[in-house]
Amino acid sequence: MTDQDLGRIVDLLTRQVSHWQAPRWSAPAAAGEGTRGDAVYHLVQRLADLAADVEGRVRQAVPRLDNDASLPDQLRVVAADLVAADPAPELLVAAAGDVAAVRALL
């Protein structure tokens with residue numbers, strides 16, 4: 001697994017959801033609790049936490065913005081931050097797996 005593989009799966013997810021309006025974001029996720037927006041937000045937070053861990057920084061909460069339409073951009077940013085942190089290959093595999101799992105929920 002490479003940073004390009006993670007970038008590819010993030011790109012697939014962001015293309016899938018970037019055109020969504022509020023009703024699609026607020027619809028229930030296919031499994032688990034919460035909405036589709038909640039699922040993507042929690043993914044953004046997990047990737048941000050991984051990047052913080054790799055960089056040796058304290059984990060911080062990613063702000064949940066009022067409009068879930070901003071989530072694809074947040075996802076792109078935190079995924080790029082994770083890649084820039086130069087994580088071990090197994091972390092890239094885990095991150096790509098998280099992205100794929102959320103994609104399946106939507």
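The values are calculated or read from the model by the stated rules, or taken from the named source; none is laboratory data. Values in this document were obtained by computation on a predicted structure and should not be read as measured data. Because the Cβ atoms are built from the backbone with ideal geometry, glycine has one as well, and the counts that use them run over all protein chains shown. Quick note on the areas: whole protein, heavy atoms, side chains included, nothing else; ligands and nucleic acids left out. Shrake-Rupley method; radii C 1.70, N 1.55, O 1.52, S 1.80 Å.
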Once amide hydrogens are built 1.01 Å from N within the peptide plane, the residues lying 5 or more places from T35 or on another chain with amide H under 5 Å from its amide H are A29
In nm, to one decimal, how far is the modelled label at R59 from the one at H19, with both set 7 Å along Cα→Cβ? 3.5
Per-residue ³J(HN,Hα) for the range 59-69, Karplus 6.51 cos²θ - 1.76 cosθ + 1.60, θ = phi - 60°, Hz, x for Gly and Pro: 5, 10, 5, 7, x, 8, 6, 5, 10, 5, 4
At 27 angstrom or more along the helix axis (alpha-carbon based) and mean Kyte-Doolittle of 0.5 or higher, what helices does the chain contain? Whole DSSP H runs only. none
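Suppose all protein chains stay in the model; what accessible area per residue would a 1.4 Å probe give for the chain, in Å²?
Heavy-atom SASA per residue in the chain reads 55 Å².
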Separation in nanometres of the label points that stand 7 Å from Cα toward Cβ, at D11 and S70: 2.6
